[in-house]
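*Asks:* Handing you a structure now.
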Amino acid sequence: MTDSAQFALYSLLLPAGSFLLLAVVAPLRRSGRPAGFISIVFSAAALGWAVRAWLHSSREVFQPPLLWEWIPAEAGPLATVGVLADADSTIMLVLVALVSFLVQVYSLGYLAHEPAQGLGRYYAYQSLFAFSMMGLVLAPNFVQLFIFWELVGLCSYLLIGYWYGKPEAARAAVKAFWTTKAGDVGLLIGIVLLWQRTGTFDFLELLMQVDAGTLPLEGLGLVTFCIYLGAVGKSAQFPLHVWLPDAMEGPTPVSALIHAATMVTAGVYLLKRTDWLFALTPDVLALVGWVGAFTALLAATLACAQSDIKRVLAYSTVSQLGYMMAAIGAGFASAGFLHLLTNGLFKALLFLGAGAVIHAVGSNDIFQMGGLRRAMPQTTIVFLVGALSLAGIPLFGGFFSKDEVLGAVWAGGLTAPFVMLVVTAFLTAFYMFRVVFIAFFGEPASQGHGAHVGAGHSSAAHGGTHLQDPLPTMALPFWLLAIMSVGVGILFTVRHPEHEFAAPGWLTPLVVTVSVGGILLAWLTYHRRVVDAERLAAAFGLVREAALAKFWVDDVFEAMYRGALLAFSRAVGWMDRYLVDGIVNVLSAWTLVLGDRLRRMQSGQPQDYVYGVALGLLLLLVLIQWPR
């Protein structure tokens, strides 16, 4: 057993132990904050082991994964379980453990007014989610990956619907569950088809077949397309992106954990883990790139029309996932994976900053905020760091990774997707600083608003003395994320890593200029008021109307549900009632009628029975003597 695999295994088992402890020991789960402290301690220990696993994997010569037989067979085990601790899986493990730990600390303050039993349930779900996501990341084969893939989906359903008393939250949880399941069906089909062709689920065995040229290529495009469908669902690619904005009905820490840095990146991680397989099907790769670029542009356009701060960030997440997919589709999965890691830091930072604002103001609407830079200076600083990172400004977290993605798409020959991503970069800077200038630097709203549902917090009138930065339990996590975002940005700016491709010299100036242009337009429109916001919106009348209607994608799904699925259900119901039940009912009626008529033959008179026996005997004798 290698050190990295051993340390990764410890990191995986710690949140599992926390979940079992909270799930089995009911008094502990109902204790509230003590349950939270236990989960946080286990999470901190898991982070420590994850860091050790990453440090050792970066120094070790690659070793085989740690495996145990699970499904035995005559020719060898059909499936195994274990830990694959290489450079990619361990750095992803660190990201998952880090964000999980910080979100759990943050949740102690954000959900401080939750009932004790509800808070214990929340931390049990958090521990189960951390275990599930870590199991997915460390999976050495498709079988284990799919099991934990489904567990992650279950945890997403439970956490989005944590406030199940809210109809919106309950509907959002169900929508997320079934939308991602549509993609999961494709993933399962792809896994089975791949095993049928290769006889193995193991990643390393499949990679050896690819290197040796023995993996059958016939029908492989269908296999990779089905696997990609699973990534489309989990990583919210068009058209299955519709679940993620609605998932913002869950608590904001849940949004930071699941919908910024971990679950939604599972699809991107899957394609990175199997990039050598997708390289054999360039047509599917091109589809990945085109859909990713289109998703990025579509989601950025939708974000520009939102007034809910969490929905802005949700569409931003969809857009950045499109960036990652576009890089993978261009053939440079490492560029997409790098953006996954940096985006995980500053997107979690933005969600936690937004949560602090919502917790203080009692509203998600950016137009009901304003003037927060004076009342909440710490939150303003960290949110600004996140916005600059997302916009791709030099010295901040997203600058180098976004530059890498655009360079990869250009080098991959995807010219039209490259143009779409450049436009997306402009829109990203615009919509993020639209939020910044309205919520933090705009005029304070005229009146206060009630607490965010479920937060248990009551806000004073906006602009009053009760608006303030959060307590240390909420402030410390987003300060750490802000420091790491700036640190990563400075590191990549000073020590510019070598590109995997030949990046044109004009690329970086173009990206920075476009991003600064988006910030400038937001400043002129929402801060200086030089550009009239209503006229600017009117200039894009049809596009704005479409954005407000979410480009009618949800309507199409609803129409398909009502027009196709419900119509099919009605047809099946009619067949069940009138054909299946009808035939059974007719046979039953005939049986009753025949039985009634036969019953009339029973007179109850002994002589009648004697006559009957005699007649039967006579007929039997006639049949015996009948010539043949």
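*Asks:* Which members of region 537-547 meet the condition of being surrounded by 14 or more Cβ atoms within 10 Å (Cβ to Cβ) and in a helix (DSSP H, G or I)?
*Replies:* Within region 537-547, Ala537, Val543, Arg544, Ala546, Ala547 meet the criteria.
*Asks:* Looking only at region 496-523, count every residue that is open to solvent by 80 Å² or more (accessible area, probe 1.4 Å) and part of a helix (DSSP H, G or I) and tell me the total. If you could, list the steps in order and put the result at the bottom.
*Replies:* Start the filter on region 496-523 by keeping residues that are open to solvent by 80 Å² or more (accessible area, probe 1.4 Å), which leaves 496, 498, 500, 502, 506, 513, 520, 523.
Okay, now just the ones that are also part of a helix (DSSP H, G or I), so 513, 520, 523.
The total comes to 3.
*Asks:* Given the residues Gly32, Gly76, Gly17, Gly36, which is the only one that is open to solvent by less than 40 Å² (accessible area, probe 1.4 Å), over 30 Å from Pro253 (Cα atoms) and not polar (S, T, N, Q)?
*Replies:* Gly76
*Asks:* Hey, any hits in region 21-36 for a residue that's at pLDDT below 95 and either closer than 30 Å to Glu205 by Cα or polar (S, T, N, Q) (or both)?
*Replies:* Checking region 21-36: at least one residue is at pLDDT below 95 and either closer than 30 Å to Glu205 by Cα or polar (S, T, N, Q) (or both).
*Asks:* Now, a different point. Quick check on region 196-208: of everything there that is buried (at least 18 other Cβ atoms within 10 Å of the Cβ) and in a helix (DSSP H, G or I), which residue is farthest from the chain's Cα centre (by Cα)?
*Replies:* Residue satisfying both the conditions and the ranking: Thr198.
*Asks:* Can you pull out every residue in region 472-500 that is touching an Asp or Glu at 6+ places or on another chain (Cβ under 9 Å) and farther than 30 Å from Tyr106 by Cα?
*Replies:* Answer for region 472-500, where residues must be touching an Asp or Glu at 6+ places or on another chain (Cβ under 9 Å) and farther than 30 Å from Tyr106 by Cα: Pro497, His499, Glu500.
*Asks:* Collect the residues in region 388-408 that are more than 10 Å from Ala503 (Cα to Cα), of a type outside the set (Gly, Ala, Ser) and touching a residue at least 12 places away in the same chain (Cβ under 8 Å), keeping them in residue-number order. Don't jump to the end; show me each part of the working.
*Replies:* If we filter region 388-408 for residues that are more than 10 Å from Ala503 (Cα to Cα), which is where we start, we get 388-402, 405.
From what is left, the residues that are of a type outside the set (Gly, Ala, Ser) are 388, 390, 393-396, 399-400, 402, 405.
The answer is Leu390, Ile393, Pro394, Leu395, Phe396, Phe399, Phe400, Lys402, Val405.
*Asks:* Looking at region 485-495, which of the residues that are of a type outside the set (Val, Ile, Thr) and surrounded by fewer than 18 Cβ atoms within 10 Å (Cβ to Cβ) is nearest to Val99 (Cα to Cα)?
*Replies:* My answer is Gly487.
*Asks:* Do any helices (runs of 4 or more DSSP H) entirely within region 209-301 hold 1 or more residues that are within 11 Å of the chain's Cα centre (by Cα), and if so, which?
*Replies:* Here the list reads 220-234, 243-246, 252-256, 266-273.
*Asks:* Could you run through region 1-11 and say how many residues are open to solvent by 10 Å² or more (accessible area, probe 1.4 Å) and either free of Cβ contacts under 8 Å to residues at least 60 places away in the same chain or more than 13 Å from Val94 (Cβ to Cβ) (or both)?
*Replies:* Looking only at that region, the number is 6.
*Asks:* Right, another one. Identify, from the list Ala173, Ala236, Ala261, Ala169, the residue that is on the phi > 0 side of the Ramachandran plot and open to solvent by less than 10 Å² (accessible area, probe 1.4 Å).
*Replies:* Ala236
*Asks:* Just checking, does region 490-497 include any residue being in contact with a Gly (Cβ under 8 Å, 6 or more places away or on another chain) and not small (Gly, Ala, Ser)?
*Replies:* Looking for residues that are in contact with a Gly (Cβ under 8 Å, 6 or more places away or on another chain) and not small (Gly, Ala, Ser), one finds none in region 490-497, hence no.
*Asks:* Might you let me know whether region 343-357 holds any residue that is more than 21 Å from Val105 (Cα to Cα), at pLDDT below 95, of a type in the set (A, V, I, L, M) and touching an Asp or Glu at 6+ places or on another chain (Cβ under 9 Å)? First the steps, then the outcome.
*Replies:* Initial filter on region 343-357 (more than 21 Å from Val105 (Cα to Cα)): none.
Checking region 343-357: not a single residue is more than 21 Å from Val105 (Cα to Cα), at pLDDT below 95, of a type in the set (A, V, I, L, M) and touching an Asp or Glu at 6+ places or on another chain (Cβ under 9 Å).
*Asks:* Since Leu98 meets every condition but one in (1) open to solvent by less than 20 Å² (accessible area, probe 1.4 Å); (2) of a type outside the set (S, T, N, Q); (3) not in a loop (DSSP other than H, G, I, E, B), which condition does it not meet?
*Replies:* In the conditions (1) open to solvent by less than 20 Å² (accessible area, probe 1.4 Å); (2) of a type outside the set (S, T, N, Q); (3) not in a loop (DSSP other than H, G, I, E, B), Leu98 misses (1) alone.
*Asks:* Do you know which residues across region 361-380 are open to solvent by 40 Å² or more (accessible area, probe 1.4 Å) and either of a type in the set (Phe, Trp, Tyr) or more than 27 Å from the chain's Cα centre (by Cα) (or both)? Even if it seems obvious, please write down each step before you answer.
*Replies:* Pass one, region 361-380, residues open to solvent by 40 Å² or more (accessible area, probe 1.4 Å): 365, 367-368, 373-374, 377-378.
Phe367, Gln368, Arg373, Arg374, Pro377, Gln378, listed by residue number.
*Asks:* May I ask you to list pairs of residues, at least six apart or on different chains, whose Cβ atoms are under 9 Å apart, with the first in region 476-491 being free of Cβ contacts under 8 Å to residues at least 24 places away in the same chain and the second being surrounded by 15 or more Cβ atoms within 10 Å (Cβ to Cβ)?
*Replies:* Ile483/Val385; Gly487/Gly397; Leu491/Phe400
*Asks:* Considering only residues of region 125-150 that are surrounded by fewer than 23 Cβ atoms within 10 Å (Cβ to Cβ) and of a type in the set (A, V, I, L, M), which is farthest from the chain's Cα centre (by Cα)?
*Replies:* Val143
*Asks:* Sticking with this one: Six or more apart or on different chains, Cβ atoms under 8 Å: show the pairs whose first residue is in region 103-117 and over 13 Å from Gly355 (Cα atoms) and part of a helix (DSSP H, G or I) and whose second is open to solvent by less than 10 Å² (accessible area, probe 1.4 Å) and of a type in the set (Phe, Trp, Tyr).
*Replies:* Close Cβ pairs satisfying both conditions: Gln104/Tyr123.
*Asks:* Can you tell me how many residues in region 328-360 are in contact with a Leu (Cβ under 8 Å, 6 or more places away or on another chain) and over 22 Å from Ala482 (Cα atoms)?
*Replies:* 5
*Asks:* Further question on the same structure: Testing Phe568 on (1) free of Cβ contacts under 8 Å to residues at least 24 places away in the same chain; (2) within 30 Å of Phe440 (Cβ to Cβ), one condition comes back false. Which one is that?
*Replies:* All conditions are met except number (2).
The values are calculated or read from the model by the stated rules, or taken from the named source; none is laboratory data. Small disclaimer: the values here were computed from a predicted structure and weren't measured. Cβ sites come from the backbone with ideal geometry, for glycine too, and all protein chains shown count toward neighbours. The area values use the complete protein model at the heavy-atom level, side chains included, leaving out ligands, DNA and RNA. Shrake-Rupley method; radii C 1.70, N 1.55, O 1.52, S 1.80 Å.
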